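Trainee: Structure in structure tokens, see below.
Where a number appears in this text, it was derived from the coordinates with a stated rule and is not lab data. Since this is a predicted model, take the numbers as computed values, not measurements. Neighbour counts run over all protein chains shown; Cβ positions are idealised from the backbone, glycine included.
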Amino acid sequence: MPATADFLVEIGTEELPPKSLSDLERAFAAQVLAGLQGAGLGFNRLDSFATPRRLAILVGDLELQQPLQKIEKRGPPVSVAFGADGKPTRAALAFAEGCGVRMEDVGRTETPKGAWLFHSGESPGRPAAELLPGIVQAALAALPIPRRMRWGSGDAEFVRPVHWIVLLLGDTVLTTPLFGITPERKTRGHRFHAPEDLTIGLPADYPALLRERGKVIPEFALRRQRVRELADAAARAAGGQALYSDALLDEVTGLVEWPVAITGRFDPQFLRLPEEVLVATLQGHQRYFPLRDGAGGLLPAFVTLANIESRDPDQVRQGNERVVLPRLADAAFFWDQDRKMSLATRAERLDTVVFQQGLGTLADRSRRVATLGSAVAEALGQDVTVVARAALLAKADLLTQLVGEFPELQGRMGFHYATHDGEPAPVATAIEEQYLPRHAGDRLPSTTGGRALAIADRADSLAGVFALGKRPSGTKDPFGLRRAALGLLRILVEDGVDLDLPQLLSRAIALQPVTVKDPESLASELYDFIVERGRAWYLDGLAPALPAGTVTADVFEAVRLRRPVSPVDFHARLLGVRAFLGLAEAEGLAVANKRIANILKTVVEGDHQVDPALFEFAEEGTLHAAIEKVAGTHRKHVDKRDYRQALQDLAALKGPVDGFFAAVLVMAPAPALRNNRLAQLRRLQGLFLDVADLSCLATPSS
């Protein structure tokens, strides 16, 4: 058994960004893991830690030495390695010296390009103590940090200034400097409860040392659970239930090392504000947990998590209450002031606000969306007046003070203001639902007006930004077009909105104040962009009736290549192909489709007319008769989008297809026979292509 020891690395910093702390922890652990695996260093476990002032990794039973390293080096060609006199040249001698062996110990290897000098051997692996500082340094350099900071007079860069470093292998400190700091075995506990340095004896002592003497819960997940338990308990004691999201729990966990719950209250008069405003004020500005009573309403109370056990908790509570008061007062003032002007009046001012350079003002955008949304509503047999009115008012709440303070409330505040102005309920609801879904897994618009407005809004955004040539690239998507495309797909598919997507995109492009040289190509590019967003959606099992593993990459591609104009139709084809794959005949027909596709690739396109008089073999007639029998009902199934039944009927062709290929030479020397057989294959392929390109499906031979 190789010798092992535990290894600890801790990077002590100033307060790390709370919203990204969990991501930094995961990335650090993943990079260190990759480094250890790349170095061939085995271990039993790897635990990660993250608090506002540290990132740390504890590796259990890490091998102290790399295994023997296999060396294989190819040198110069033999023709170059030896002169005419048979003596080694300088190139050969240099190769032997570089391998650390005598010339007579250098071997040879034969390749199609000739003989070469070759050396094969083993060398002892490097000690882990030599490799670990480099592994840690590479892991830190690879962390997803958008902007790194510099501090002091050195050149070191990190997400926050680094103040201490621990690199401990067993009971030995690795003293290779990182960030200009020489590592020690000393860590730091809570900034106030345990300000003195803490000495780490062995790496395994680290978590308990911080918890028991440092007043720090180093495990992010454990601390998050503690935050949740404390918030729930405090809420119950106050007669309510704490409101929090996963994002808020992560952020609060990223702010505290030793969480302590404090319950505060505010003036009940603020309960007159819309609930969303109160929640946004308490959660967004203060990172407080609002409380809901048993009847579903908000209580005039909140829970906050302090990072200190105060000797006078009332002082902490009063301080938090004093801090939140002006925030709530501002929100109440904005609410009262905003309602003094109607949304219709604000909409008239949208002409003064630029939406995007080259795409006009917000008023221009509203008019485009109104036109597009009305067309969508008309195509779906809906009342266009609701969509047209909602579209003209949809962006007006962007000019209100509350939305200026809480941008995440756009749409929802438009609903409240429209309701206050006496707008019809469908109009007010559509104004809110234009933004749905806001994120993955979010709810969809529930009304026909909201659905049409949401579709038009996304189509306009996609068409406008693409027309400007500002497509997403790599990880950059400043306009959120990928999210808009997936949201559009979800609405169309999940709500069964059967629209011609290329036609919708073409109309959206035509409405843009941008000269587009080739609108048809742009619409095609946009279609591909939107459909591609659906790939991961389907493969991850997030689409309705198609759980994870149901749609594979080849199944998706088989349908994508047919370019169905309606995403609803696309979805129906996926369901049909998936059902077909459960049939015993599926694999054989997929292989046959590959064979047919390969044959037809090599010939000039011809007609599909088959002349039975030219049949030379009985199997040709058998296949022709089988096709004729299926073709009678095939078109009806396809027109009804009953792709499951269409493919099930085509499955009956497996026997005749197998017999045809076993007996018939398709590429016959006689042109008439050859063309007739190719026409038969084209007709057969066409039946399958009415649903999907089954030649894309994975088969054992592929």
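Trainee: Arrange the following residues from fewest to most other Cβ atoms within 10 Å of their Cβ: Glu587, Glu229.
Mentor: Values: Glu587 16, Glu229 12.
Ordered from fewest to most neighbouring Cβ atoms within 10 Å, Glu587, Glu229 come out as Glu229, Glu587.
Trainee: Counting only other residues whose beta carbon sits under 15 Å from that of Val591, what net charge do I get with K and R as +1, D and E as -1? Display every interim value, and only then the final one.
Mentor: Working: positive: Lys594, Arg595, Lys654; negative: Asp554, Glu585, Glu587, Asp658, Asp693.
Summing Lys and Arg as +1 and Asp and Glu as -1 gives -2.
Trainee: Could I ask something else about it? Pulled fully out, how much extra length does the chain show between Ala237 and Ser473, if you take 0.36 nm times their separation in residues and subtract their Cα-Cα distance? Intermediate values should be presented prior to the final figure.
Mentor: Working: separation 236, 0.36 × 236 = 84.96 nm, distance 5.07 nm.
79.9 nm is the gain from fully extending Ala237 to Ser473.
Trainee: Just check the range 69-123 against the gyration tensor rule for me: Cα atoms, a ≥ b ≥ c as the square roots of the eigenvalues, rounded for a/c under 1.5, and otherwise prolate or oblate depending on whether a/b exceeds b/c.
Mentor: It is oblate, given that a/c is not under 1.5 and a/b is not larger than b/c.
Trainee: Pairs Lys19/Lys395; Lys629/Lys654; Lys73/Lys113: which are spaced more than 20 Å apart, C-alpha to C-alpha?
Mentor: On the way: Lys19/Lys395 29 Å; Lys629/Lys654 14 Å; Lys73/Lys113 17 Å.
Cα-Cα > 20 Å for Lys19/Lys395; rest within.
Trainee: Looking at Gly541, Leu305, Ser366, which one has the Cα that reaches farthest to the positive end of the dipole of the chain (charges on Cβ: Lys, Arg +1; Asp, Glu -1)?
Mentor: The one lying farthest along the dipole's positive direction is Ser366.
Trainee: Taking θ as phi - 60°, what are the ³J(HN,Hα) couplings along the range 270-276 by the Karplus curve (6.51, -1.76, 1.60), each to the nearest whole Hz, with x for Gly and Pro?
Mentor: 6, 5, 6, 5, x, 4, 4
Trainee: Additional query: Near Glu321, within a Cβ-to-Cβ distance under 13 Å, what is the net charge of the other residues, with Lys and Arg +1 and Asp and Glu -1? List each step's numbers first, then the result.
Mentor: Numbers: positive: Arg265, Arg317, Arg322, Arg327; negative: Asp267, Asp314.
Here the charged neighbours net out to +2.
Trainee: Then there is this: What do you get for trypsin sites (Lys or Arg not before Pro) in the range 556-641 restricted to DSSP loop and a cutoff of at most 12 other Cβ within 10 Å of the site's Cβ? Can you show the working numbers first?
Mentor: Numbers: sites: Arg560, Arg562, Arg573, Arg578, Lys594, Arg595, Lys601, Lys629, Arg635, Lys636, Lys640, Arg641; in loops: Arg562, Lys640, Arg641.
The qualifying sites are Lys640.
Trainee: Find the relative contact order for the range 581-696 and round it to a whole percent, using C-alpha pairs within less than 8 Å whose residues are 6+ positions apart. Kindly include the intermediate steps, with their values, before the conclusion.
Mentor: Numbers: 96 pairs, mean separation 54.0, N = 116.
Relative contact order of the range 581-696: 47 percent.
Trainee: So what J values fall out for the range 620-628 if you push phi through Karplus, 6.51 cos²θ - 1.76 cosθ + 1.60 with θ = phi - 60°, rounded to Hz, Gly and Pro as x?
Mentor: For the range 620-628, the Karplus-derived couplings read 5, x, 4, 5, 4, 5, 5, 5, 4 Hz, x marking Gly and Pro.
Trainee: Can you compute the modelled spin-label distance between Ala141 and Glu348, with each label point 7 Å from Cα toward Cβ, in nm?
Mentor: Modelled inter-label distance: 6.2 nm.
Trainee: Additional query: Return the long-range amide H neighbours of Gly42 (sequence gap of 5 or more, or a different chain), with a cut-off of under 5 Å between placed amide H atoms.
Mentor: It is Glu63, by chain and number.
Trainee: On a straight-distance basis, which lysines could pair with Lys470 in a cross-link, Cα separation under 18 angstrom, same-chain partners fewer than 8 positions away excluded?
Mentor: Cross-link targets: Lys517.
Trainee: Further question: Let me know the shape class of the range 191-259, please: from the alpha-carbon gyration tensor, a ≥ b ≥ c as square roots of the eigenvalues, rounded when a/c is under 1.5, otherwise prolate if a/b is greater than b/c, or oblate. If you can, show how the numbers build up before the last one.
Mentor: Working: a/c = 2.80, a/b = 2.30, b/c = 1.22.
Because a/c hits 1.5 or more and a/b exceeds b/c, the range 191-259 counts as prolate.
Trainee: Got a sec to turn the phi values of the range 171-179 into Karplus ³J(HN,Hα) couplings, 6.51 cos²θ - 1.76 cosθ + 1.60 with θ = phi - 60°, whole Hz, x for Gly and Pro?
Mentor: 9, 10, 7, 8, 9, 5, x, 10, 6
Trainee: Check each of the trypsin sites (Lys or Arg not before Pro) in the range 469-528 and keep only those in coil by DSSP with at most 13 other C-beta atoms within 10 angstrom; list them in order.
Mentor: On the way: sites: Lys470, Lys476, Arg482, Arg483, Arg490, Arg507, Lys517; in loops: Lys470, Lys517.
Sparse-neighbourhood loop trypsin sites (Lys or Arg not before Pro): Lys517.
Trainee: Hey, what did the chain get for relative contact order, percent, Cα under 8 Å, at least 6 apart? Please report the intermediate quantities before stating the final value.
Mentor: Working: 1129 pairs, mean separation 51.9, N = 702.
Result for the chain is 7 percent.
Trainee: Want the number for Thr602 to Ala625: 0.36 nm per residue separation, take away the alpha-carbon distance, what's left? Please report the intermediate quantities before stating the final value.
Mentor: Details: separation 23, 0.36 × 23 = 8.28 nm, distance 2.63 nm.
Between Thr602 and Ala625, full extension yields an extra 5.7 nm.
Trainee: Would you please name the trypsin sites (Lys or Arg not before Pro) within the range 144-228 that are DSSP coil residues with at most 10 other C-beta atoms within 10 Å of their C-beta? Present the calculation step by step, with values, prior to reporting the outcome.
Mentor: Working: sites: Arg147, Arg148, Arg150, Arg185, Lys186, Arg188, Arg191, Arg211, Arg213, Lys215, Arg223, Arg224, Arg226, Arg228; in loops: Arg147, Arg148, Arg185, Arg191, Arg213, Lys215.
Hits after loop and neighbour filter: Arg147.
Trainee: Taking Cα pairs under 8 Å and at least six residues apart, what relative contact order does the range 69-123 come out at, in percent? Provide the component values of the computation, followed by the final result.
Mentor: On the way: 79 pairs, mean separation 26.9, N = 55.
About 49 percent, as a whole number.
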